[in-house]
Amino acid sequence: MAAIAFAIEAATEQRRALVRHGKSLYRLGFMPGTSGNLSIRIDGDRILSTPTGCSKALLKPADMVLVDLDGNHLSGARAVTSEIGMHLAIYRMREDVNAVVHAHPPIATGFACAGRALDQPLCAESVMTLGPVPLAPYATTGTDQLAASLRPLIPQHNAILLANHGAVTYGVTLLDAFQKMETLEHFAHISLIAEQLGSPRLLEEKHINQLHHARTRYLRNIR
């Protein structure tokens, strides 16, 4: 009985986390209207996701939808997000990933609409926490082609721009995926300003290697 009660409480907290981070992303302007979606891996083959056609400002814990890794509906009164295939592709390919955020941060999405990746080593913070952010080719939202466009990029990256669409980030926890989305938009803003100033200066290879070593030490210390 204790184990069942613990599992119920854990699932309740995960629902609340989706609500909480969805509201934060809405307030940041990353999920206007009904756009964007979030999900959490419950266990090896079950995913808790936001529903389709819902403002993240109005989400409630009971709105969440439970599906398996094949996208089959397990529970929930609403339909799962139409972009669940993108989430499932990431979960299948990355066992270390437990949460996915898809959003439309305006400046990063501007780069995606201009056909520009954010993969230049311009800012020390982005090298440390995010790494290069590639641009996936255009694919229609809500179709299998969207997940297919990401698959070649998923293993080596933790954030991807979607051409003429938005961005997706993923991590060990929902907070981790959320913070990666914040960092992505922050880096996009810095990149835009550097270009407007007309003098972006990329980090040298030796400095990039130092940052990679520093990242390794950082990750070791927080585990």
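Summing +1 for each Lys or Arg and -1 for each Asp or Glu, what net charge is found among the other residues whose Cβ lies under 12 Å from the Cβ of Gly131?
Local charge sum for Gly131: 0.
If you place +1 on the Cβ of every Lys and Arg, -1 on the Cβ of every Asp and Glu, and leave all else neutral, what size is the dipole of segment 1-117 about its Cα centre, to the nearest 20 Debye?
Approximately 520 debye in magnitude.
Take each of the peptides 20-27, 209-216, average the number of other beta-carbon atoms within 10 Å over its residues, and list them starting from the highest.
20-27, 209-216
Between segment 18-40 and segment 151-223, how far is it from one alpha carbon centroid to the other, in angstrom?
20 Å
Does anyone have the angle between helix 205-222 and the longest principal axis of the chain? Alpha-carbon axes, 0 to 90°, nearest 10?
30 degrees
Rounded to the nearest 5, what % of DSSP beta bridges with both residues in segment 2-222 are antiparallel?
The answer is about 95 percent antiparallel.
Select from segment 4-105 those GluC sites (Glu not before Pro) which occupy a DSSP coil region and have at most 16 other Cβ atoms within 10 Å, ordered by residue number.
Answer in residue order: Glu95.
For the chain, what is the mean residue ellipticity at 222 nm derived from helices alone (per DSSP H run of n ≥ 4: -39500 (n - 2.57); sum divided by total residues; nearest 500 deg cm²/dmol)?
Calculated mean residue ellipticity at 222 nm is -14500 deg cm²/dmol.
For segment 90-95, take each phi angle, set θ = phi - 60°, evaluate the Karplus expression 6.51 cos²θ - 1.76 cosθ + 1.60, and give the result in whole Hz per residue in order, putting x for glycine and proline.
Working through the residues one at a time gives 5, 4, 5, 8, 10, 5 Hz.
Would you order Leu174, Leu66, Leu58, Leu88 from fewest to most other beta-carbon atoms within 10 Å of each residue's own beta-carbon?
Leu58, Leu66, Leu88, Leu174
If packing is taken as the mean number of other Cβ atoms within 10 Å per residue, what is the order of 97-108, 189-200, 144-155, highest first?
Result, highest mean first: 97-108, 144-155, 189-200.
Throughout, read-outs are computed from the coordinates displayed, never taken from laboratory work. Everything numeric here is computed off the predicted structure, so don't read it as measured data. When we count neighbours, we look across all protein chains shown, and the Cβ atoms used for this are built from the backbone with ideal geometry, even at glycine.
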